[in-house]
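This report refers to the structure that appears directly beneath it.
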Amino acid sequence: METKILRVDRTNPDLTVLAEAAELLKSGELVAFPTETVYGLGANALDAEACSKIFQVKGRPQDNPLIVHVANRAIADTVIKSWNVFAEICMHFFWPGPLTLVLPKKTQVPATVTCGLETVAIRMPKHRVALALIELTGLPLAAPSANLSGKPSPTSADHVRQDLHGRIKLIIDAGNCQVGLESTVLDLTGKIPTILRPGGITREDLEKVLGEVRVDRPTENQAPKAPGMKYRHYAPNGEMLLVSGSKEEVVSRILKETQKAHGNLKKVGILCTSESAAWFHDLHPELLFVLGSENLPEEVAANLFRGLRLCDEQGIEVILAEGVEESGLGSAIMNRLQKAAGQKIIRL
Ligand code: TXA
Ligand code: MG
């Protein structure tokens, strides 16, 4: 299959391009499109056959349900059976935006989308291109991140191309995603709103308007409530170690690990904050990638997946990543870093 890549302006997209994409989606094809978080791989959420193609194309486990994207309340009403007061508050304060709500589904939502669950995950993205595309189709669009399963989520059209070239008909390219991390997944089916996946909207943001908010932290014998959270995501090819703690100790540990890896003739990649980078230059790691300032977690979030992918592109064998403070957006950053490291984390 030939994959077309069509470039559009992020704020003023060419509607003829989006109309072409909308036609493909309406006819049951897949289209990759930008959102403010990461690129999504879209299909008509009411078409079971189209949605099953998403699983094939990504190599996605059959028990990992999809997020449905909407552009307005009318489209949202085609998939949600009942709203509640938490949902109304969330939509008011955070939509469009990186917040996904888990709510009871209507029967017409195919089991393929929800993997047999009675609930469906839904969000309204804050991206002109995504919203215009959904409006043109008039449909809810199921869209997981547009990467091969297990790879870091794509924050540019080129990342999508690397993973899905030849497997889908169209990629809409609107440049880099601003947030860079996936949405927060919030379960609103219980008495207390519960974060199933940390993301672009923080627990602190949610608590300001909802009161108590829990975080789903499954123990070893318990399955996470968001099925996707049990998989090792975001995994680069190299062996990755996450080092977190006081700056001095983290820097000295990364220096030591770099020397050790170089001693074993391994290619080393260091992912660090701009505050630490100067310490690492003299070691000549094969890749020194600055994620951003430790005081600007949004900058770190926006660069994280690009950094992980760059490690693969450059054949890095040992990846040493500096941790960030685990509050606010930092919680979502650390969640992704830990998964990328396969839980190999040193806390100093
Ligand atoms: O920012 C995002 O959320 C991106 C963009 C494209 O919107 N999408 C995304 O989708 O990250 P995906 O498929 O990579 O992650 C969906 C997550 C998974 O962890 C999945 O298990 C969870 O949402 N999920 C989906 N439906 C659910 C449901 N009914 N109940 C609990 N968790 C659900
Ligand atoms: Mg994903």
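The values are calculated or read from the model by the stated rules, or taken from the named source; none is laboratory data. Treat the numbers as computed from the prediction; the structure is a model and nothing was measured. So basically every Cβ, Gly included, is an ideal-geometry build from the backbone, and we count neighbours across all protein chains shown. In case anyone asks, the SASA skips ligands and DNA or RNA and just uses the protein heavy atoms, side chains included. Shrake-Rupley method; radii C 1.70, N 1.55, O 1.52, S 1.80 Å.
Please verify whether residue 180 is at pLDDT below 95 and either open to solvent by less than 20 Å² (accessible area, probe 1.4 Å) or under 27 Å from residue 39 (Cβ atoms) (or both), treating the condition exactly as stated. In short, no.
Filtering segment 187-198 for residues that are open to solvent by 10 Å² or more (accessible area, probe 1.4 Å), within 29 Å of residue 320 (Cβ to Cβ), assigned by TED's automatic domain parsing to the domain that holds residue 86 and not β-branched (Val, Ile, Thr) leaves a non-empty set. Among the residues of segment 1-46, those that are open to solvent by less than 70 Å² (accessible area, probe 1.4 Å), of a type outside the set (Ser, Thr, Tyr) and in a loop (DSSP other than H, G, I, E, B) comprise 8, 13, 28, 29, 30, 34, 36, 38, 45, 46.
Set side by side, the residues 248, 298 differ, and just one is touching a helix residue (DSSP H, G or I) at 6+ places or on another chain (Cβ under 7 Å) and surrounded by fewer than 18 Cβ atoms within 10 Å (Cβ to Cβ), which is 298. Against the definition (among the hydroxyl-bearing types (Ser, Thr, Tyr) and in contact with a Gly (Cβ under 8 Å, 6 or more places away or on another chain)), how does residue 273 come out, yes or no? The answer is yes for residue 273.
Residues of segment 183-206 include at least one that is in a loop (DSSP other than H, G, I, E, B) and modelled with pLDDT under 95.
So that you can scan it fast, the table gives a plain yes or no per residue for (1) without any contact (Cβ under 8 Å) to a residue 24 or more places away in the chain; (2) open to solvent by 10 Å² or more (accessible area, probe 1.4 Å); (3) more than 16 Å from the chain's Cα centre (by Cα); (4) away from ligand 2 (no atom under 16 Å from the Cβ):
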{"site": "48", "(1), (2), (3), (4)": "no, yes, yes, yes"}
{"site": "52", "(1), (2), (3), (4)": "no, yes, yes, yes"}
{"site": "57", "(1), (2), (3), (4)": "no, yes, yes, no"}
{"site": "61", "(1), (2), (3), (4)": "no, yes, yes, no"}
{"site": "67", "(1), (2), (3), (4)": "no, yes, no, no"}
{"site": "85", "(1), (2), (3), (4)": "yes, yes, yes, yes"}
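Within segment 253-264, residues that are open to solvent by 40 Å² or more (accessible area, probe 1.4 Å) reach partners that are not in a loop (DSSP other than H, G, I, E, B) with beta carbons closer than 8 Å, at six or more positions or on different chains, in the pairs 253/243; 253/346; 255/279; 255/280; 255/283; 259/283; 262/268; 262/283. The set of residues from segment 127-158 being under 25 Å from residue 82 (Cβ atoms) and within 11 Å of ligand 1 (Cβ to nearest atom) comprises 141, 142, 143, 144. Taking each residue of segment 147-159 that is assigned by TED's automatic domain parsing to the domain that holds residue 38 and looking for partners that are open to solvent by 40 Å² or more (accessible area, probe 1.4 Å) and at pLDDT 95 or above with beta-carbon atoms closer than 6 Å, six or more apart or interchain, yields 148/59; 149/59; 155/176; 155/306; 156/176. Residues that are of a type in the set (Gly, Ala, Ser), touching a Phe, Trp or Tyr at 6+ places or on another chain (Cβ under 8 Å), open to solvent by 20 Å² or more (accessible area, probe 1.4 Å) and not in a loop (DSSP other than H, G, I, E, B) within segment 104-154 comprise just one, 145.
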